[in-house]
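The values are calculated or read from the model by the stated rules, or taken from the named source; none is laboratory data. Note that the structure is predicted; figures quoted are calculated from it, not measured. Cβ: placed from backbone, ideal geometry, glycine included. Neighbour counts: every protein chain shown. Keep in mind that these areas ignore ligands, DNA and RNA; they rest on the heavy atoms of the full protein, side chains included. Shrake-Rupley method; radii C 1.70, N 1.55, O 1.52, S 1.80 Å.
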Amino acid sequence: MPTAVIELPAKLDPTRKRWTRSEYDQLYSSARLDGQRLELIEGELIDKMGKNRPHGNSLRLLHQWLVGVFGWTVVSHEEPIDVAPEDNPTNEPEPDLSVTKRDLSSFRENPRPEDLRLVVEVADSSLGLDLTTKAALYARAGIVEYWVLDVAGRRLIVHRDPQAGRYRSVVAYGEHESVAPLGAPKSFLRVGDVFV
């Protein structure tokens with residue numbers, strides 16, 4: 001007769017390898033990825049999955065808006081950034097969009113947190129990761145403003161005021177509302193304008 005399992009082993013997951021940034025760089029330089037795009041977050045390799053049409057449309061529209069506000073020389077797309085020094089050894093995030101304080105061509109290495117005006121993630125299947133793990137990572141780095149565009153929810157979640165490893169202000173704006181980035185306080189984005 002079968003017996004019900006009521007006690008689970010203490011450790012359910014197999015041991016995972018934590019990657020360092022140097023190992024991650026070696027993996028990329030070895031060209032064994034066959035076009036797969038990965039991102040190093042908290043020592044894990046995160047698959048930057050292909051984007052569905054709504055995600056791609058919103059990313060393109062938000063990119064165009066940011067370029068119109070800040071100029072094309074400071075807005076980057078899926079380029080790596082540095083985070084807090086203690087987090088850099090096991091993290092190299094590649095936000096969907098970022099806005100730097102100076103021309104992108106002046107950077108010989110990844111922009112550091114103090115070089116960034118705004119970091120943006122466009123979230124579909126990655127919403128949970130973007131609102132928790134990445135928000136904490138960016139807050140610990142002191143990145144002054146972090147936006148998460150929730151494609152399915154048709155809203156923009158704005159994180160500001162990083163203190164003690166978290167954002168003290170997290171506000172969701174619906175598609176009929178508008179918000180201006182801290183770096184351009186007179187330029188308002190109507191959230192619905194980045195959804196098709």
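Could we say that GLU177 is charged (D, E, K, R) and at pLDDT below 95 here? Walk me through how you get there before you give the answer.
Working: charged (D, E, K, R): yes; at pLDDT below 95: no.
So GLU177 fails the test.
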ask   = Considering segment 151-170 alone, what residues qualify as being in a strand (DSSP E or B) and either at pLDDT below 95 or open to solvent by 60 Å² or more (accessible area, probe 1.4 Å) (or both)?
value = ARG155, ASP161, GLN163, ARG166, ARG168, VAL170
task = Name the residue, out of LEU104, LEU61, that is touching a strand residue (DSSP E or B) at 6+ places or on another chain (Cβ under 8 Å), over 20 Å from VAL171 (Cα atoms), of a type in the set (A, V, I, L, M, F, W, C) and open to solvent by 20 Å² or more (accessible area, probe 1.4 Å).
result = LEU104
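Can you name every residue in segment 171-196 that is touching a residue at least 24 places away in the same chain (Cβ under 8 Å), of a type in the set (A, V, I, L, M, F, W, C) and outside any strand (DSSP E or B)?
Residues satisfying the conditions are LEU182, ALA184, VAL191, VAL194, PHE195, VAL196.
Okay, residues lined up against (1) open to solvent by less than 10 Å² (accessible area, probe 1.4 Å); (2) in a loop (DSSP other than H, G, I, E, B); (3) over 20 Å from VAL171 (Cβ atoms); (4) touching a strand residue (DSSP E or B) at 6+ places or on another chain (Cβ under 8 Å):
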residue	(1), (2), (3), (4)
GLU109	no, yes, yes, no
ARG117	no, no, no, yes
VAL120	yes, no, no, yes
SER125	no, yes, yes, no
LYS134	yes, no, no, yes
TYR138	yes, no, no, yes
TRP147	yes, no, no, yes
inquiry  = Under 7 Å between Cβ atoms, which residue pairs at least 6 apart in sequence (or on different chains) link something in segment 30-46 that is modelled with pLDDT of 75 or more and among the acidic types (Asp, Glu) with a partner that is part of a loop (DSSP other than H, G, I, E, B) and open to solvent by less than 20 Å² (accessible area, probe 1.4 Å)?
reply    = GLU42/ASN91
